[in-house]
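Beneath this line is the structure, given in structure tokens, with notes to follow.
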Amino acid sequence: MYEEKTVQVTDILEEDQWIQKLKTNGGAGQAILYFVCSPRVNIGDTIKVNTTAAELNLGTGGWDIVITSFEKDNYNEGSGHIMKARYTPCQHSVFAVDSPEHPDHDLFKLPFELHQKKVLLAELHSMLPIILGAAFMCKKDQHIGIVLSDEAAIPAGLSDHMRAWKSDPRVHVVTTGQSFGGTAEAVTIPNALQWLISKKQVDVVIISMGHGTVGTNTPFGFSGMALAGWANIVGALKGESVWTPRISFHEKRSRHFGLSHHTITPLQRFTYAPSTLALPVLERYKREKFDEQTQALRRHSFIKIKYEEVEKWMPLWLDWYKTNLPSIHTMGVKVEEHTDYLKGIMAAVKYVQEPIDKDTIQ
């Protein structure tokens, strides 16, 4: 299915240097415009929007996507030639850090290894603001590098959190593959890792993806399968992948109850590199469920399972969250209602986050 409509802009709800959020008189009634693909519009302008996702009631938050404006042509200058969103109507060139014309290109001629550095892998986009919040609670002046892949939403600007991070000098977002709109662009995940560590000298590294992950209720048909590939890349570079667990004891779907099969399956079946699965210390019956679910994982010598005590982190993070972040939802539910999900993410951060500032979380 594909559907587009011609609508009129009735209001501008939000605008920054990357996007406009618009109120319209048709379709979903609201649309998001990416400046890299479309020119800025004004109230009263006529635009064409892609309404497919909203028509199918998919998880775009009820937003149509602006295709073009009928009021003006669009032109954005740029010196790069690496194409993102290739062979789609919004294909455009970027000044990628690994492109030959970029001043950092010679960096990639040098040998590169991770030297056992821990790299966090996060399946869901909602994990990212939780990870960043916990990391900055531990050490507020450290620098964090995020490698964003293209298995889900390819425009980084779709995320309110991502746009906020791009304004924070401590956070460096590199969009790779077909994804675009980070603070920097790269063609591949290995090059993004090399640039973040060698050029930006980040303290914490995360690989994740944008909004809109896909699942098909089949064993291997979900976006999170990408984590195995990420882990194998990290391993090939002699690093340690730290898997951020997806946990829920409220989930009615058996495949996601306890430790989700989205964490277990790619780690157990498709990963060949040294990996650590960090789990939180929870109540006894939950620990027993974890032990049952991780039996097959324990048979792999390259997989390490590490339990972390994070009870002291939770109230501190929740207090911090109230004053520092827009609301975070995962699978349509506020994260503060899913404490086990939060604790799983905290466990991964605690395993990675050393040393920490004196007088902060212990």
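Just a few scattered comments:
Results for (1) closer than 21 Å to Gly182 by Cβ; (2) part of a loop (DSSP other than H, G, I, E, B), shown as yes or no for each residue.
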residue	(1), (2)
Lys5	no, no
Val9	no, no
Gln17	yes, yes
Lys23	no, no
Gly26	no, yes
Ile32	yes, no
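- Being at pLDDT below 95 and touching a strand residue (DSSP E or B) at 6+ places or on another chain (Cβ under 8 Å) is a description that applies to Ser126.
- Qualifying positions in region 185-201 - outside any helix (DSSP H, G or I) and open to solvent by 10 Å² or more (accessible area, probe 1.4 Å): Glu185, Val187, Thr188, Lys200, Gln201
- Residue under evaluation Ile47, criteria (1) within 27 Å of the chain's Cα centre (by Cα); (2) buried (at least 16 other Cβ atoms within 10 Å of the Cβ), criterion not met: (1)
- Unique match (being touching a helix residue (DSSP H, G or I) at 6+ places or on another chain (Cβ under 9 Å) and on the phi > 0 side of the Ramachandran plot) among Gly44, Gly27: Gly27
- Some residue of region 42-64 being among the hydroxyl-bearing types (Ser, Thr, Tyr), touching a Gly at 6+ places or on another chain (Cβ under 6 Å) and not in a strand (DSSP E or B): yes
- Of the listed requirements (1) over 17 Å from Ile12 (Cβ atoms); (2) within 24 Å of the chain's Cα centre (by Cα), Leu33 misses just one: (1).
- Looking at Lys118, Lys166, Lys140, just one residue is open to solvent by 20 Å² or more (accessible area, probe 1.4 Å) and more than 19 Å from Val352 (Cβ to Cβ), and that residue is Lys166.
- Filter result (assigned to a strand (DSSP E or B), closer than 15 Å to Glu123 by Cβ and either open to solvent by less than 10 Å² (accessible area, probe 1.4 Å) or out of contact with any Gly (no Cβ under 7 Å at 6 or more places or on another chain) (or both)) within region 222-247: Ser241, Val242, Trp243, Ile247
- Filter result (farther than 14 Å from Ala348 by Cβ and either in contact with an Asp or Glu (Cβ under 8 Å, 6 or more places away or on another chain) or open to solvent by 60 Å² or more (accessible area, probe 1.4 Å) (or both)) within region 261-276: His262, Arg269, Phe270, Tyr272, Pro274
- Being surrounded by 13 or more Cβ atoms within 10 Å (Cβ to Cβ), under 25 Å from the mean Cα position of the chain (by Cα) and within 28 Å of Pro190 (Cα to Cα) is a property that holds for Val97.
- For region 277-324, a residue qualifies if it is part of a helix (DSSP H, G or I), in contact with a strand residue (DSSP E or B) (Cβ under 8 Å, 6 or more places away or on another chain) and open to solvent by less than 80 Å² (accessible area, probe 1.4 Å), and the qualifying residues are Lys286, Lys289, Phe290, Gln293, Leu297.
- Count - residues of region 16-39 that are open to solvent by 40 Å² or more (accessible area, probe 1.4 Å) and either touching a Ser or Thr at 6+ places or on another chain (Cβ under 6 Å) or in contact (Cβ under 8 Å) with a residue 24 or more places away in the chain (or both): 8
The values are calculated or read from the model by the stated rules, or taken from the named source; none is laboratory data. The structure displayed is predicted, hence computed values, not measured ones. Don't worry about glycine lacking a Cβ; one is built from the backbone with ideal geometry, like all the others, and counts go over all protein chains shown. Please note that ligands, DNA and RNA were not included when accessible areas were found on the heavy atoms of the full protein model with its side chains. Shrake-Rupley method; radii C 1.70, N 1.55, O 1.52, S 1.80 Å.
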